[in-house]
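> I'd like to ask some things about the structure below.
The values are calculated or read from the model by the stated rules, or taken from the named source; none is laboratory data. Just so it is clear, the structure is predicted and the values come from calculations on it, not from any experiment. When we count neighbours, we look across all protein chains shown, and the Cβ atoms used for this are built from the backbone with ideal geometry, even at glycine.
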Amino acid sequence: MDNTPIKQYRAVFLSDIHLGSSHSQAEALLDFFRTFECDQLFLVGDIIDGWALKRRWNWPQQHSDVIQKLLRRSRKGTRVIYVLGNHDEFVRSFLPLSLGDNIEIVNEYTYHTKSGRQYFVTHGDFFDSITMTKKWLAKFGDISYELLLKLNKPINGIRKVIGYHRYWSLSNFAKQSVKKAVMFIDDYEKVLVSEAKRLEYNGVICGHIHKAENRLIDGVHYLNCGDWVESCTAVAETMEGEWELLQFDAAATAQSAGITA
């Protein structure tokens, strides 16, 4: 029997789950849900992958289980705020939208911390020039990323045979190593921070680029939720008002490193 204590948070932020994609780590997410409770649960975009579903229908039982888990939490009193992203943009034409008393679907949101500070919550695709102006290129990049994800499995199988047991991600290596990709991530963070400052927010919480972060940039607290395709990460505000970047591992534990804000 698992005696791991359940952590209580003021709010937990998840992004880029990509339900409907064959690479979604839905089973790991279901295990993660068993480790915490929260007053508010934020879904920060790309929760359902409409792009992947349009290419090929893929919806295993675990993906339905994630939806059921979210609905069950809302019925038990957790407030669920779903901030849409580019992969689930098919819902945007129906906004504003509420499902019952505890589920709200929006394009962006203002989150108030325990100390009264204000954070801008957005998926981030509106601040990605490629997604907004060259959608065909964004979709091509999405297909290329999916191909790299598929190559991860055979590559790691070979690594195990030759004695390297630590998981290595070709897709993440490519994303971090290609100069233009690194520049894109840097520009993306700067644009979001600049917008947060213009709107007089203390921080920004986003997703979109699948790169979890918890740091100060030019005086603004920048938080990126990461993803549930590879990194299995989340952002959370504790009951004491501290921020944590949570990394879920196979042992069903969440490791954290925090900044007080």
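> For ASN214, state whether it is closer than 29 Å to ASN107 by Cβ and either more than 17 Å from the chain's Cα centre (by Cα) or at pLDDT below 95 (or both).
Here the answer is no, as ASN214 does not meet what is asked.
> Are there any pairs, at least 6 apart or on different chains, whose C-beta atoms fall under 6 Å, with the first in region 99-120 and more than 20 Å from VAL220 (Cβ to Cβ) and the second aromatic (Phe, Trp, Tyr), and if so, which?
Taking only residues 6 or more apart or on different chains, the pairs are ILE105/TYR82.
> Can you tell me how many residues in region 104-117 are under 18 Å from THR238 (Cβ atoms) and surrounded by 14 or more Cβ atoms within 10 Å (Cβ to Cβ)?
Matching residues across region 104-117 total 4.
> Related question: Hey, can you tell me all the residues within region 1-60 that are farther than 17 Å from ALA236 by Cβ, of a type in the set (S, T, N, Q) and under 19 Å from the mean Cα position of the chain (by Cα)?
SER21, SER22, SER24, GLN25
> Let me ask something additional. Give region 50-67 a look and list any residue that's under 13 Å from HIS23 (Cβ atoms) and aromatic (Phe, Trp, Tyr), or say none.
Within region 50-67, just TRP51 meets the criteria.
Conditions (1) assigned to a loop (DSSP other than H, G, I, E, B); (2) buried (at least 17 other Cβ atoms within 10 Å of the Cβ); (3) hydroxyl-bearing (Ser, Thr, Tyr), marked per residue:
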residue: CYS38; (1), (2), (3): no, yes, no
residue: LEU41; (1), (2), (3): no, yes, no
residue: LYS54; (1), (2), (3): no, no, no
residue: ARG72; (1), (2), (3): no, no, no
residue: GLY85; (1), (2), (3): yes, yes, no
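> Which one is surrounded by the fewest Cβ atoms within 10 Å (Cβ to Cβ) among residues in region 87-98 that are in a helix (DSSP H, G or I) and over 21 Å from the mean Cα position of the chain (by Cα)?
The qualifying residue surrounded by the fewest Cβ atoms within 10 Å (Cβ to Cβ) is SER93.
> If I ask for residues that are modelled with pLDDT under 95 and either part of a strand (DSSP E or B) or in contact with a Phe, Trp or Tyr (Cβ under 9 Å, 6 or more places away or on another chain) (or both), which ones from region 233-254 would you list?
Looking only at region 233-254, we keep the residues that are modelled with pLDDT under 95, and these are 247-254.
Of everything in region 233-254, those that are modelled with pLDDT under 95 and either part of a strand (DSSP E or B) or in contact with a Phe, Trp or Tyr (Cβ under 9 Å, 6 or more places away or on another chain) (or both) turn out to be GLN247, PHE248, ALA252, ALA254.
> Does region 194-204 contain at least one residue that is in contact with a Cys (Cβ under 9 Å, 6 or more places away or on another chain), surrounded by 17 or more Cβ atoms within 10 Å (Cβ to Cβ), at pLDDT 60 or above and more than 30 Å from ASN58 (Cα to Cα)?
Initially, region 194-204 is screened for residues in contact with a Cys (Cβ under 9 Å, 6 or more places away or on another chain), giving none.
No - not one qualifying residue is present in region 194-204.
> Could you pull out the residue among GLN8, GLN62 that is modelled with pLDDT of 95 or more, out of contact with any strand residue (DSSP E or B) (no Cβ under 6 Å at 6 or more places or on another chain) and not aromatic (Phe, Trp, Tyr)? Walk me through how you get there before you give the answer.
Working: GLN8 fails: out of contact with any strand residue (DSSP E or B) (no Cβ under 6 Å at 6 or more places or on another chain).
Going through GLN8, GLN62 in turn, the sole match is GLN62.
> Applying the selection to region 19-47, what residues are out of contact with any helix residue (DSSP H, G or I) (no Cβ under 7 Å at 6 or more places or on another chain) and either farther than 19 Å from THR78 by Cβ or among the basic types (Lys, Arg) (or both)?
Of everything in region 19-47, those that are out of contact with any helix residue (DSSP H, G or I) (no Cβ under 7 Å at 6 or more places or on another chain) and either farther than 19 Å from THR78 by Cβ or among the basic types (Lys, Arg) (or both) turn out to be SER22, GLN25, ALA28, ARG34, ASP46.
> Given the conditions (1) buried (at least 18 other Cβ atoms within 10 Å of the Cβ); (2) acidic (Asp, Glu); (3) more than 18 Å from the chain's Cα centre (by Cα), and given that ASP101 satisfies all but one, which numbered condition is not satisfied?
ASP101 satisfies all of (1) buried (at least 18 other Cβ atoms within 10 Å of the Cβ); (2) acidic (Asp, Glu); (3) more than 18 Å from the chain's Cα centre (by Cα) except (1).
Conditions tested, residue by residue: (1) over 21 Å from CYS225 (Cα atoms); (2) modelled with pLDDT of 95 or more.
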{"position": "ARG73", "(1), (2)": "no, yes"}
{"position": "GLY77", "(1), (2)": "yes, yes"}
{"position": "VAL83", "(1), (2)": "no, yes"}
{"position": "ASP88", "(1), (2)": "no, no"}
{"position": "LEU97", "(1), (2)": "yes, no"}
